[in-house]
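Please treat every number below as a calculation from the coordinates, not as lab data. Just so it is clear, the model here is predicted, and its values are computed rather than measured. As a convention, Cβ positions derive from the backbone with ideal geometry for all residues, glycine included, and neighbour counts pool all protein chains shown.
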């Protein structure tokens, strides 16, 4: 049994999440061996996930100061509530 | 050598002061967590005023819920969930601008199931490039080009690190729908990034 590139793309996340049955997994890995383009696809899919995570969370690693007006707004809203 | 401060003990000490209503304790909580929470809110809400509103809403709900906080999670984790929720609520009061359909952003195929545009290798070193701020700008821009229902799932799962069930609950979706949306959002984001990140694009 073989799979098309379309099916490969469809099952990509399930493969990475280790949610494929062993037979499906074999077919999926068989496609990887035969299709260099899908290897590129798999790599760039992984890179997309990694970039999203790393780039978006790095602004947190240097904790920014809270803007003073926001601190005051929160504290006075609390006193009024 | 002095022992590392125990963050849970610090949380507990602050909680005691918060529960007695000590003004300085509230200020301490806002100052120590506010910056990070604002960074989270900004990911969902590109308009600064909306992001600040969400942070304010989050702190006010947190203050109200203090008595129910059991201390099983870190204060920072608890506040993170609250600000994510507040940001989603805020988003629902904004919107709905017409947006591109996710279908238009997904890869297309030839009749025999091959990709219409063959996938090329990407540059291997993008994260180490000097133009990091350009890269950051690009990723933010492209994430915000995703249709909102897909973008929010991608942010919750891949960036905020919520699991499928938590995301499903917050979005009012089934777990299956969250998985489908996450996969499609990643595929669409990959398509949007490819012209900029493939090797030949250098």
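Give me the angle, in degrees from 0 to 90, between the Cα long axis of helix B:175-197 and the longest principal axis of the Cα atoms of chain B, rounded to the nearest 10. Approximately 60 degrees, to the nearest 10. Here the relative contact order of chain B, from alpha carbon pairs under 8 Å that lie six or more residues apart, stands at 19 percent.
Across peptide B:184-193, how many C-beta atoms of other chains are within 10 Å of each residue C-beta, on average?
Details: counts 1, 2, 8, 7, 1, 5, 10, 2, 1, 5.
Mean number of neighbouring Cβ atoms from other chains: 4.
Sorted on the mean count of surrounding Cβ atoms within 10 Å across their residues, most packed first, peptides B:78-85, B:190-197, B:110-117 read B:78-85, B:190-197, B:110-117. Mean residue ellipticity at 222 nm, helices only, chain B: -20000 deg cm²/dmol; runs of at least 4 DSSP H residues each add -39,500 (n - 2.57), and the sum is divided by the number of residues.
Against chain A, whose longest principal axis comes from its Cα atoms, helix A:36-61 is set at around 10 degrees.
Nearest 0.05, what FRET efficiency do residue B:93 and residue B:32 give at R0 = 25 Å with Cβ-Cβ as r? Efficiency, from the Cβ-Cβ distance: 0.35. Here the label points at residue A:19 and residue B:120, each 7 Å from Cα along the C-beta direction, are separated by 3.2 nm in the simple model.
How shielded is A:68-77 by partner chains, expressed as the average number of their Cβ atoms within 10 Å of its Cβ atoms? Kindly include the intermediate steps, with their values, before the conclusion.
Details: counts 1, 1, 10, 7, 2, 6, 13, 5, 0, 5.
Per residue, the number of nearby Cβ atoms from other chains is 5 on average.
In segment B:92-155, the alpha-carbon atoms span a convex hull of 129 Å³ per residue. The slack between residue B:169 and residue B:81, meaning 0.36 nm per residue of separation minus the straight C-alpha distance, is 30.5 nm. Label point of residue B:73 set 7 angstrom out along Cα-Cβ; within segment B:140-178, amide nitrogens under 17 Å from it belong to B:155-172. Here the convex hull built on the C-alpha positions of the protein assembly as shown has a volume of 183 cubic angstrom per residue. Taking B:52, B:43, B:123 in turn, the Gaussian network model of chain B (Cα-Cα springs below 10 Å) assigns the largest fluctuation to B:123. Each 10 Å bin from 0 upward holds the following percent of the Cα-Cα pairs of segment A:1-68: 18, 40, 19, 12, 8, 3, 0.
Its DSSP H runs of at least 4 residues, each contributing -39,500 (n - 2.57), put the calculated 222 nm mean residue ellipticity of chain A at -26000 deg cm²/dmol, to the nearest 500. With the simple spin-label model, which puts each label point 7 Å out from Cα in the Cβ direction, the residue B:199 to residue B:17 separation comes to 5.7 nm. Here the ratio of the Cα radius of gyration of segment B:1-106 to 2.2 N^0.38 Å is 1.31. Using Cα atoms only, what is the angle between the long axis of helix A:22-34 and the major principal axis of chain A, expressed in degrees (0 to 90) to the nearest 10? Compared with the principal axis, the helix lies near 80 degrees. Take every pair of alpha-carbon atoms less than 8 Å apart whose residues are at least six positions apart; their mean separation over the length of segment B:86-202 yields a relative contact order of 34 percent.
Can you give the translational diffusion coefficient of segment B:58-202 in µm²/s, computed by Stokes-Einstein from the Kirkwood radius over Cα pairs at 4 °C and 1.567 mPa s?
Numbers: Rh = 17.6 Å.
Rounded, D is 73 µm²/s.
Taking each residue in B:36-43, count the Cβ atoms of any other chain within 10 Å of its Cβ, then average. What number comes out? Could the numbers behind the result be given before it?
Details: counts 7, 3, 8, 9, 4, 0, 3, 4.
Mean shielding by partner chains, rounded to a whole number: 5.
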